[in-house]
Amino acid sequence: MSTDYARPIEPGDEFVRAIGNGTRRTNGEAIADLASLGYLPGRVLDPTFGRGKFWTHWRPLELVASDLYPHPERDTFVACATADFRDLPHDDGSFDTVTLDGPYKLNGTSTKQGPSAADTRYGVEFYESWRDRHNAINAGIVEALRVLRHGGYLLVKCQDQVCGLHYRWQTREFADVAEANGGRLVDRYLVPGYRKQPAETQRRVHADYSTFLIVRKGKR
């Protein structure tokens, strides 16, 4: 029996004209669009800050940043604490928005050459199984929903991709985890890819884009 992923429209749902999809190629541009759509209200937590590339085109009035490891080339426009996105030092319901950009890129050990030279940007410089990476992000989703207020938004960056001769449907798995833990998928935003693919995967033809899942935490 097939799964019905449709959901009923609920009171308070708002529908807006899509903007930017198909034309924005950086996270910073995407974040600016998502802010204009009302998906980044109030006090914002970015627990996977990296180099701060989410915030190059738009920034909230209050941005709290943290990451698992310090980065020597990190931008300095906001203080960045050291914290594990799976175990955050914040109180329940203390943020209006959380953005989560976990290590969603699936790969083997980085050669640091060619296409894999960008692996450090994705937090995947060293080998982990696809399941370990998915488990980490799933734990991050649960933790992000804990620190998110009721009615607030969680933005999860991910990408459906081929790994181990299987297509890994991150958008479906991560949305399911969010909805099993008090969230509700309300929108998606696509960012077209532009990074050259490794030679061994060029024979495979798939749409190349990453996705922001927009999840709203249920009201009390």
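3J(HN,Hα) couplings calculated from phi for segment 55-65 with the Karplus curve 6.51 cos²θ - 1.76 cosθ + 1.60 (θ = phi - 60°) are, in sequence order, 10, 7, 10, 7, 9, x, 5, 10, 10, 9, 10 Hz; Gly and Pro show x. In this label model, ASP87 and SER36 are separated by 4.1 nm, measuring between points 7 Å along each Cα→Cβ vector. With neighbours defined as other Cβ atoms within 10 Å of a residue's Cβ, the residues PHE49, PHE95 order from fewest to most as PHE95, PHE49.
Note on HIS150 and ASP176: the extension gain reaches 7.5 nm, defined as 0.36 nm multiplied by sequence separation minus the Cα-Cα distance. Taking 7 Å steps out from each Cα toward its Cβ at SER129 and TYR209 produces label points 3.2 nm apart.
Each value in this text was obtained by applying a stated rule to the coordinates, not by laboratory testing. Note that the structure is predicted; figures quoted are calculated from it, not measured. All Cβ positions, even for glycine, are placed from backbone atoms using ideal geometry, and neighbour counts span all protein chains on display.
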